[in-house]
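The values are calculated or read from the model by the stated rules, or taken from the named source; none is laboratory data. Because the structure is predicted, anything quoted here is derived from the model rather than measured. Don't worry about glycine lacking a Cβ; one is built from the backbone with ideal geometry, like all the others, and counts go over all protein chains shown.
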Amino acid sequence: MLSSNPTVNENTWNQFRATESTASRTMTIEGVINKTGIFAVLTVLAAGYVWTTFFEAMEGIEGDPMAAGAAMTKVSPFMFGGMIISLIAWIVTCFKKEWSMVVGGVYSLAEGLFLGGLSAYFEAQFPGIVLQAVALTFGVLFTMLAAYRMKLISANGKTAAIVCAGMGAIVFVYLGGFILSMFGVNVMIFGANPIGIVFSLVVVGFAAFSLIFAFDFIETGARHGAPKYMEWYAAFYLMTELTWIYLEILKLLWKIRAFASRD
């Protein structure tokens with residue numbers, strides 16, 4: 001099985017067959033769901049802290065056009081710190097899957113710090129946008145899960161090749177756009193314009209399809225009797241997909257509402 005997630009490869013299950021696959025306690029789908037819930041709670045708690053800090057900083061200056069920027073300055077250390085720590089945690093988990101319980105918890109808290117600040121900033125500009133993004137994220141999750149269970153979409157090699165190629169292109173475009181923006185170039189895919197909206201739609205589409213491989217990974221692990229700690233790794237894998245989808249949907253909604261609000 002190929003995967004759109006670089007932390008997963010064909011040898012992920014082969015390495016367990018000779019030794020750990022005979023362990024009495026093995027991975028189950030229910031166990032993955034429970035552990036994903038734990039990671040999700042940690043993410044929400046961290047996000048809630050930064051969210052509260054942001055809006056406390058805005059108290060008394062809500063009418064000031066610079067209020068959101070001033071509040072953002074106060075939470076930016078949490079955001080950038082969370083972004084860096086979550087990246088480090090992701091890299092560590094790629095090589096040490098057995099550490100997923102601890103490192104996955106660190107990732108969830110760190111990602112919550114980043115998403116909490118960004119969500120609060122967008123919410124200050126367009127009230128209600130975060131609730132919409134959360135609802136759409138769950139909508140995408142259940143839609144893709146239903147499509148997977150009904151076998152409308154399968155995690156076969158052809159689908160994996162398309163998704164991997166698309167995601168590779170997205171990463172390349174993001175990196176190129178970021179580098180250009182550092183030199184003062186106006187990168188339209190990042191802005192609230194038709195090109196930026198279409199780009200975000202494409203990214204959300206690829207992010208949604210990547211969930212198929214997370215579902216297949218979980219099902220395959222349970223079927224092969226992977227060791228119990230792989231429940232934490234699978235939960236971590238699913239959380240990375242869900243936080244990515246939420247982030248891309250949030251940016252898409254912001255672009256749409258910012259473009260529509262122009263005179």
- If GLY60 passes every condition in (1) part of a loop (DSSP other than H, G, I, E, B); (2) at pLDDT 85 or above but one, which one does it miss? (2)
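Determine whether the stretch 172-192 contains at least one residue that is in a helix (DSSP H, G or I), touching a residue at least 40 places away in the same chain (Cβ under 8 Å) and among the aromatic types (Phe, Trp, Tyr).
To start, the set of residues in the stretch 172-192 that are in a helix (DSSP H, G or I) comprises 172-182, 188-190.
Pick out the ones that are also touching a residue at least 40 places away in the same chain (Cβ under 8 Å) and you get none.
Checked the stretch 172-192: no residue is in a helix (DSSP H, G or I), touching a residue at least 40 places away in the same chain (Cβ under 8 Å) and among the aromatic types (Phe, Trp, Tyr).
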- Pairs with Cβ under 6 Å, 6+ apart, first in the stretch 141-157 and under 16 Å from GLY205 (Cα atoms) and surrounded by 12 or more Cβ atoms within 10 Å (Cβ to Cβ), second among the charged types (D, E, K, R) and modelled with pLDDT of 80 or more: ALA155/ASP216
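For the stretch 71-100, enumerate the residues that are of a type in the set (D, E, K, R) and closer than 22 Å to PRO227 by Cβ.
As a first pass, look at the stretch 71-100 and keep what is of a type in the set (D, E, K, R): 74, 96-98.
The answer is LYS96, LYS97, GLU98.
Based on this model, can you work out whether ALA147 counts as assigned to a helix (DSSP H, G or I), farther than 29 Å from ILE91 by Cα and over 16 Å from the mean Cα position of the chain (by Cα)? Please lay out each step first, then the result.
Working: assigned to a helix (DSSP H, G or I): yes; farther than 29 Å from ILE91 by Cα: yes; over 16 Å from the mean Cα position of the chain (by Cα): yes.
So ALA147 fits the description; yes.
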- Query: Of all residues in the stretch 182-205 being surrounded by 15 or more Cβ atoms within 10 Å (Cβ to Cβ) and more than 20 Å from GLY166 (Cβ to Cβ), which is modelled with the highest pLDDT?
  - Reply: ASN193
- Message: Among the residues of the stretch 235-251, are any among the acidic types (Asp, Glu), at pLDDT below 90 and not in a loop (DSSP other than H, G, I, E, B)?
- Response: no
